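In what follows, a single structure is set out as structure tokens and then discussed.
Values quoted throughout were computed directly from the atomic coordinates according to the rules given, and no laboratory measurement underlies them. Note that the structure is a prediction, hence the values are computed from the model and not measured.
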Amino acid sequence: MDKVERIDISLHVDERGWVAWPIEEFDLDQRQLCHFHLPSLKPGAVRGNHYHLHRIEFALILSGPCRAIFEDNETGEQQDIIVEGDTPVLFKISSNVTHAFKNESSRDIFLMCYEQCSASGNAQDIFKKTIL
């Protein structure tokens, strides 16, 4: 699906684990990012099941396994991905794409999400739609 992009992020791995840099300095300098949140998902829990009309959302899956499902609201095309969670995976989700995440493990997993905000603000830009 061309409206969901898996972004390669800077990652350093050594014997202690990994360190990730999921946000470009340009985005921070230009203050284009907003609504940072760190959701946890209990085993079997689902988060998301919504879309944005004006904003782009970034979802960093920090652990797993996690099922990520995306649906283009214009075409109905779906993409279903299992992220193992050995290293973090960042998705850039275009506007008007419904997205949901399900914990497929037996322990809590974690995501870090944020949005690219438009100049107009669009304060209320979240619309529920259940796909998972």
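Here are some notes:
- Full extension of the segment from residue 6 to residue 78, taken as 0.36 nm per residue of separation minus the current Cα-Cα distance, would add 24.4 nm.
- Start at zero, step by 10 Å, and the Cα-Cα distances of the chain spread as 12, 43, 35, 9, 1 percent across the bins.
- Kirkwood's formula applied to the C-alpha pairs of the range 1-75 gives a hydrodynamic radius of 15.2 angstrom.
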